[in-house]
Every structure is written in structure tokens, then in C-alpha cells.
Amino acid sequence: METLRRLWRSRTMTFGVPLLLYLIGGSLGLREFAQIRYDYHKLHGKVDPALKEKLKQNTVTLESEYEKLQKLNLDDWENIRGPSLWEDSRTVQKQQREALRLKTE
């Protein structure tokens, strides 16, 4: 009886066993709650027929998007500096417009 009492008061029984119970119990509980979510979605997650038809009509393909990118001129671009956090965006825009105006003159 004395050894059982000593075992019960050890650090393993005081801290280790409850920790393992929380970890295993939490894992099982989260699995059950996640399963409820998926079951609900399976029952009530029906897609609207109009939306389904619209998705079928959407004919965007990788090739069509690639052709759009081919038509764009990506070689002539200019890096525009944005304002820093401590700068006022209106004054930076004014400076950029002034620099652009002086460049075109």
C-alpha cells in the first residue's frame, strides 16, 4: 500500500499521466468535431444549379491566359517607387509627376 501511495505522488503520476490524457483526449475530440463539420458539409453543402451551370460555361484555360500574356508588352515598364511609411503619399505623387513632366520636356 505504501508503494502505491508513493507511486501516486510521484512526478510522473502528477504531471505526466494527466498531460498524456489531455493530448490523447484532445486529439480524439478534435477528430470528432472535424468529422461533424465534414458530415454537415456533405449533407447541406449543395451547390446552386445556376452557379454550377455558370462554372461549366467558364472556359478559361491555361492556354488562353498564356495568349493574353503574349499580347502584353512586358519589356517596356518602369519601376515606380511607392511612399515610405513616414512620407506623405500626396507629396511623393507630386514629386513623381513633376519628374515625369521634366523628363518629357
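The values are calculated or read from the model by the stated rules, or taken from the named source; none is laboratory data. This structure is a prediction, so every number in the text was calculated from the model and none was measured. Every residue, glycine among them, receives a Cβ derived from its backbone with ideal geometry; neighbour counts consider all protein chains shown. Just so you know, the surface numbers come from the protein's heavy atoms only, side chains and all, with ligands and any DNA or RNA stripped out. Shrake-Rupley method; radii C 1.70, N 1.55, O 1.52, S 1.80 Å.
Of all accessible surface on the chain at a 1.4 Å probe, what whole percent is carbon and sulfur?
Carbon and sulfur together cover 61 percent of it.
In the context of the full set of protein chains, the chain has a per residue accessible area of 105 Å² (1.4 Å probe). Putting +1 on Lys and Arg Cβ atoms and -1 on Asp and Glu Cβ atoms, find which of 80, 44, 66 reaches farthest to the positive end of the dipole of the chain. Of the options given, the answer is 44.
Chymotrypsin sites (Phe, Trp or Tyr not before Pro), restricted to segment 1-87: which are DSSP loop and have at most 10 other Cβ atoms within 10 Å?
Working: sites: 8, 15, 22, 33, 38, 40, 66, 77, 86; in loops: 77, 86.
Here the chymotrypsin sites (Phe, Trp or Tyr not before Pro) that fit, given the DSSP loop and packing criteria, are 77, 86.
Determine the shape class of segment 1-42: with a ≥ b ≥ c the square roots of the Cα gyration tensor eigenvalues, call it rounded for a/c under 1.5, and otherwise prolate if a/b is greater than b/c, oblate otherwise. The shape class here is prolate.
Just check the chain against the gyration tensor rule for me: Cα atoms, a ≥ b ≥ c as the square roots of the eigenvalues, rounded for a/c under 1.5, and otherwise prolate or oblate depending on whether a/b exceeds b/c.
oblate
For the chain, adding -39500 (n - 2.57) for each run of n ≥ 4 DSSP H residues and dividing by the number of residues yields -21500 deg cm²/dmol at 222 nm. Rounded to 0.05, the FRET efficiency of the residue 85 and residue 65 pair, given R0 = 30 Å and the Cβ-Cβ distance, is 0.30. For segment 36-90, the list of GluC sites (Glu not before Pro) that fall in a loop by DSSP and count at most 12 other C-beta atoms within 10 angstrom reads 78, 87. Our estimate of slack between residue 55 and residue 103, defined as 0.36 nm per intervening residue step minus the Cα-Cα distance, is 12.5 nm. In whole angstrom, note down how far apart the Cα centers of segment 67-97 and segment 14-30 are. Centre-to-centre (Cα) distance: 55 Å.
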